[in-house]
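**Student:** Take this structure, written in structure tokens, and hold onto it; I'll ask about it next.
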Amino acid sequence: MRRFALVCALLASGIGVLPTRAADSNFPFDNELRLDTAPKRGSKRIPVLQVSSSGNIDILLWCVNGKGTAVLADNTITIVPTAMQDNKCTADQLATDESLLNDLTEITSWKREGEIVTFSGSKTLRFRMSTN
């Protein structure tokens, strides 16, 4: 019984020294960030964000495209769409895009872990960096 307790204690203390994936503190400027989701039925398109180091942002949603500004400071971010363009969307597509755009404007912080960038606000949105 003592050996079992000793083995358990050694294993428990060793767990803290296992290597973990550290969060990357650099925002992936000028990288294509794809929403971590499957395409909508009948489409191959997935929403994409691309933030430049100058603060400009390209926003490509399910149907609507546009531009805006992104203000970053440490791990905080504010996204402000400035010019969105309807690409002859259906009412359902517009409603879906409007909801996602609203979620993007309510983002307040970001975190990067490897190729994943997580934006947090009223909802949490995960984006994957494009690797091609």
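Since every read-out is calculated from the coordinates, none of them should be taken as a lab result. Treat the numbers as computed from the prediction; the structure is a model and nothing was measured. No Cβ is skipped: glycine too gets one built from the backbone with ideal geometry, and neighbour counts run over all protein chains shown.
**Student:** Select from the range 49-94 the residues that are touching a Lys or Arg at 6+ places or on another chain (Cβ under 7 Å) and in a loop (DSSP other than H, G, I, E, B) and write down the one among them that is surrounded by the most Cβ atoms within 10 Å (Cβ to Cβ).
**Tutor:** Checked the range 49-94; the qualifying residue surrounded by the most Cβ atoms within 10 Å (Cβ to Cβ) is TRP62.
**Student:** Quick one: what pairs do we get from the range 34-47, first residue farther than 16 Å from VAL117 by Cα and without any contact (Cβ under 8 Å) to a residue 12 or more places away in the chain, second of a type outside the set (A, V, I, L, M) and surrounded by 15 or more Cβ atoms within 10 Å (Cβ to Cβ), C-beta under 6 Å, 6+ apart or different chains?
**Tutor:** Pairs found: none.
**Student:** State which residue pairs qualify: first residue in contact (Cβ under 8 Å) with a residue 40 or more places away in the chain and inside the range 86-115, second residue loosely packed, with under 14 Cβ neighbours inside 10 Å in any location, beta carbons under 8 Å apart, and separation of 6 or more residues or different chains.
**Tutor:** TRP110/THR76; LYS111/ALA23; ARG112/ALA23; ARG112/SER25; ARG112/ASN26; GLU113/ARG21; GLU113/ALA23; GLY114/ARG21
**Student:** Out of all the residues in the range 110-132, which are over 10 Å from the mean Cα position of the chain (by Cα) and surrounded by fewer than 14 Cβ atoms within 10 Å (Cβ to Cβ)?
**Tutor:** GLU113, GLY114, SER122, LYS123, SER130, THR131, ASN132 - these are the residues of the range 110-132 that are over 10 Å from the mean Cα position of the chain (by Cα) and surrounded by fewer than 14 Cβ atoms within 10 Å (Cβ to Cβ).
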